[in-house]
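The values are calculated or read from the model by the stated rules, or taken from the named source; none is laboratory data. The structure displayed is predicted, hence computed values, not measured ones. Note that we place each Cβ from the backbone using ideal geometry, even for glycine, and neighbour counts take in every protein chain shown.
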Amino acid sequence: MPLAQAQAMVPELLTVDATPADDAAALDRLAAWCLRLSPMTAADRPDGVWIDVTGCTHLQGGETSMLEALSGHLAGSGLTARIAIADTPGAAHALARHGERSVTIVDPGAQDAALAPLPVQALRIGDGQTADLRRLGLDTIGQLAGAARGPLARRFGNALLTRLDQATGRVREPIQPVLPPEIIVVRRGFIEPLSTAEAFATVILVLVAEACTVLERRGEGARRLDLVFERVDGTTQLVQIGTSRPVRDVRHLARLLDERIETVDPGPGVEAMRLVLPLVETLAPAQRADGLMQRADGLAPGGTEAADLSVLIDRLVNRLGPDTVYRLRSVESDVPERSQRPVPVHAAPEAPSQPVSPEPPASWLHPGPRPVRLLDRPEPIEALAMMPDHPPRAFTWRRVRHRIVRADGPERITGEWWWRANELTAVRDYWAVENQDGRRFWLFRQGDGVDPGTGGLAWFLHGFF
Amino acid sequence: MPAIDLSALRAQVAALARGTRRSAAAAALPFGIPAIDRHLPGGGLALGAVHEVAGGGPEVEHGAAAALFAAGLLARRPGPVLWIHGRRDLFSAGLAGAGLDPGRLVLVRTRRGALQAMEEGLRHPDLAGVVCDCEGRLDLVASRRLQLAAEASDVLGLVLRQSRRFADPALVAPSAATSRWRITSLPSPPPLAHAADVPGLGRARWSLALLRCRGAEPATWTVEAPDAQGRLALAAVLADRSLAPAALRVLAG
């Protein structure tokens with residue numbers, strides 16, 4: 001049906017352009033994901049995945065439990081799947097698409113009986129052939145299999161019979177498996193076991209240099225590195241590091257690994273070291289730093305600020321953990337605690353937080369007084385103030401009484417009812433105050449002091465100047 | 001008798017007195033206040049060195065004035081700033097008010113690894129400075145490590161000492177930092193000097209005490225808190241005192 005006709009029939013019809021390339025890529029990813037079930041999987045365009053589970057089902061506890069787990073996983077990721085297991089790819093294909101149940105298991109050798117009631121289009125033949133077969137009264141595969149082969153071959157060609165034989169198992173049909181992405185593994189074995197940090201550092205440099213050569217050839221950079229120390233006693237020690245952006249700089253990676261050597265227990269000695277790069281990303285080839293201009297600390301000369309800082313950031317992240325290093329981004333909000341937000345350190349500086357924001361990004365500066373330290377959660381205080389809008393005369397915080405000498409305010413901040421419905425009437429009145437010693441505090445009162453619906457008139461300490 | 005270049009000799013002696021590997025011509029970040037800059041060796045706060053800053057009295061707990069002081073100093077240096085803190089209580093609008101663009105900040109949130117992270121940052125020559133909110137001890141070994149890292153890279157290191165206790169002995173323990181400052185709030189004058197009863201807040205006033213410094217005597221100045229460009233100003237102490245009696249007598253006579 002043409003789109004125009006469909007839209008004429010249903011005016012509010014939602015249309016989305018088909019993206020066959022994206023669909024195919026997603027199907028390839030799904031096929032690669034299915035590698036966990038079997039080493040042989042393939043995408044069956046446009047809507048299926050082959051999995052050759054020969055000899056693999058016992059690892060999952062049998063065919064039934066494997067299918068249960070598989071359909072559970074797929075449903076968990078939002079995919080509705082029909083699954084069939086049979087002796088031949090053709091039979092599994094037919095039963096998955098035209099079988100009665102969404103999960104079908106055909107016992108070995110029983111595919112002829114299982115296929116017999118299915119319509120002929122289940123055999124992966126064209127619509128024209130299906131219509132011709134129908135005209136001859138051959139509606140099901142069982143009827144087709146019972147017909148004389150000679151006249152069928154003369155009328156429809158060999159393709160139809162090949163499909164039939166593939167489904168019933170008289171002709172073998174290989175599937176073209178997807179290849180798992182090649183993972184870079186570099187390994188060095190030693191004649192004598194190593195146990196000193198210096199020796200490890202030397203080997204790390206060799207391993208990283210070799211890995212980086214491969215990365216350079218493939219135009220990729222490492223995001224994660226696993227260094228496995230194989231000990232003489234048969235056990236292994238693992239060092240894992242991550243980088244904030246794809247890297248193939250030998251010095252940088254080697255230094256990150258060197259810093260973790262101290263966490264390795266060499267025990268009786270390490271007889272081999274293996275460097276695995278499980279996660280790589282595309283990294284455009286860069287102009288190499290001029291050796292003459294190399295600085296003493298090994299960093300590339302010049303360069304942008306971000307590129308240089310990434311070395312430092314990677315080292316901090318690997319030492320302290322991924323969420324500890326961040327930047328601040330200003331958010332357009334009058335509520336102080338919402339006006340800044342931590343963002344990952346390599347996030348784009350101006351990523352749109354709201355989908356539509358015609359205004360320029362929020363500025364950091366605020367016209368009102370703003371403290372330099374803001375308490376995570378405001379602390380309740382007892383304050384003495386004349387209603388509705390006189391500055392507090394004194395307040396007690398943590399059992400210490402502060403007499404207020406000077407004050408600036410009130411600065412009224414209203415709730416953001418357009419985000420949160422329960423803040424429709426909420427009001428905070430902020431005061432910057434100075435006590436008798438000159439210490440400056442940022443206080444607020446909930447409510448405007450007139451309408452009890454705006455807040456409960458409780459006072460809080462929110463920051464320090 | 002051969003002619004002796006006195007200035008070279010002085011520089012050599014000064015370097016010996018400081019006990020560092022740094023050259024005499026090391027850079028410094030001037031405060032822009034002649035009285036303070038003249039007092040400090042090198043004409044300002046030495047770069048490539050670690051300085052301790054603490055709040056005075058009860059302010060030592062949050063160190064808000066110390067943070068503002070650090071923000072004002074770093075506002076006048078180009079480049080990214082590494083700020084290590086444990087409490088997640090920095091407020092960007094307040095830092096921006098002292099001239100430090102919060103977009104320049106790279107924040108590290110850690111308590112135990114704070115000094116390690118600071119040392120890592122001080123080794124990085126592209127930073128404008130490293131600030132560390134340090135709650136707890138800063139012993140000689142740790143501070144010496146920081147100082148050496150800073151000397152190698154010429155990065156300004158500021159350790160903001162914090163403590164939950166008044167008069168914490170850990171704050172006065174010796175360290176290898178180049179200088180130690182204490183900032184105490186003072187009552188500020190009325191916002192309008194000629195109309196004392198107009199309500200409001202003017203610039204905050206601090207007592208800026210140099211407690212210890214290599215190559216300089218301890219001293220105390222009364223300053224005004226950083227302006228929007230991060231500059232301190234010497235407070236006009238005399239401005240809000242009453243007029244001298246002598247002048248009044250002349251008028252009366």
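Brief remarks follow.
- The one condition in (1) assigned by TED's automatic domain parsing to the domain that holds A:ARG217; (2) at pLDDT 85 or above that A:TYR326 fails to fulfil: (1)
- Some residue of region A:337-355 being at pLDDT below 90, crowded, with 19+ Cβ neighbours inside 10 Å and either more than 12 Å from chain B (Cβ to nearest Cβ) or in a strand (DSSP E or B) (or both): yes
- If you go through region A:391-400 and pick out every residue that is surrounded by fewer than 15 Cβ atoms within 10 Å (Cβ to Cβ) and closer than 16 Å to A:GLY438 by Cβ, you end up with 1.
- Checking each residue of region B:140-158 against the condition of being closer than 30 Å to A:ASP437 by Cα and in contact (Cβ under 8 Å) with a residue 24 or more places away in the chain gives at least one match.
- Only a single criterion out of (1) in a helix (DSSP H, G or I); (2) touching a residue at least 12 places away in the same chain (Cβ under 8 Å) is not satisfied by A:ASP165, namely (2).
- Single unsatisfied condition, A:ASP226 versus (1) out of contact with any helix residue (DSSP H, G or I) (no Cβ under 8 Å at 6 or more places or on another chain); (2) crowded, with 17+ Cβ neighbours inside 10 Å: (2)
- Among residues of region A:59-74 that are aliphatic (A, V, I, L, M), those with a beta-carbon under 7 Å from a residue that is surrounded by 14 or more Cβ atoms within 10 Å (Cβ to Cβ) and part of a helix (DSSP H, G or I) at least six positions away or on a different chain give the pairs A:MET66/A:THR57; A:MET66/A:GLN60; A:ALA69/A:GLN60.
- Residue match in region A:397-404 (condition: among the charged types (D, E, K, R) and more than 14 Å from every other protein chain (Cβ to nearest Cβ)): no
- Filtered residues of region B:199-222 (kept if among the hydrophobic types (A, V, I, L, M, F, W, C) and more than 11 Å from B:TRP181 (Cβ to Cβ)): B:LEU201, B:ALA204, B:ALA216
- Tally, over region B:156-176, of residues that are of a type outside the set (Asp, Glu) and either over 21 Å from B:GLY86 (Cβ atoms) or surrounded by fewer than 20 Cβ atoms within 10 Å (Cβ to Cβ) (or both): 11
Table: residues versus (1) loosely packed, with under 14 Cβ neighbours inside 10 Å; (2) in contact with a Leu (Cβ under 7 Å, 6 or more places away or on another chain).
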site	(1), (2)
A:GLU182	yes, no
A:GLY189	yes, no
A:PRO193	no, no
A:PHE200	no, yes
A:LEU207	no, yes
A:GLU216	no, no
A:GLY221	no, yes
A:ARG231	no, no
A:THR235	yes, no
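- If only residues of region A:1-38 that are loosely packed, with under 12 Cβ neighbours inside 10 Å and in contact (Cβ under 8 Å) with a residue 12 or more places away in the chain are counted, the one that is nearest to A:ASP52 (Cα to Cα) is A:PRO20.
- Filter result (surrounded by fewer than 24 Cβ atoms within 10 Å (Cβ to Cβ), facing chain A (nearest Cβ under 8 Å) and within 23 Å of B:VAL223 (Cβ to Cβ)) within region B:62-86: B:HIS62
- Region A:414-440: number of residues that are buried (at least 20 other Cβ atoms within 10 Å of the Cβ), touching a Leu at 6+ places or on another chain (Cβ under 8 Å) and facing chain B (nearest Cβ under 9 Å): 4
- The residue of region B:102-154 that is surrounded by the most Cβ atoms within 10 Å (Cβ to Cβ), among those that are facing chain A (nearest Cβ under 9 Å) and touching a Phe, Trp or Tyr at 6+ places or on another chain (Cβ under 8 Å), is B:VAL108.
- In region A:360-396, the residues that are among the small types (Gly, Ala, Ser), more than 10 Å from chain B (Cβ to nearest Cβ) and not in a strand (DSSP E or B): A:ALA362
- Hey, A:GLY409 within 13 Å of chain B (Cβ to nearest Cβ) and among the small types (Gly, Ala, Ser) or not: yes
- Within region A:112-138, the set of residues being in contact with a Leu (Cβ under 8 Å, 6 or more places away or on another chain) and closer than 14 Å to A:HIS98 by Cβ comprises A:ALA114, A:LEU115, A:LEU118, A:VAL120, A:ALA122, A:LEU123, A:ILE125.
- Against the conditions (1) in a helix (DSSP H, G or I); (2) outside the structural domain of A:ALA96 (by TED's automatic domain parsing), A:LEU225 satisfies every one except (1).
- Tabulated pairs, region B:87-101, first more than 7 Å from chain A (Cβ to nearest Cβ), second surrounded by fewer than 19 Cβ atoms within 10 Å (Cβ to Cβ), C-beta under 7 angstrom, 6+ apart or interchain: B:GLY99/B:ALA228; B:GLY99/B:GLN229
- Residue count for region B:199-210 under the criterion of being at the interface with another protein chain (Cβ under 10 Å from one of its Cβ atoms) and assigned to a loop (DSSP other than H, G, I, E, B): the result is 5.
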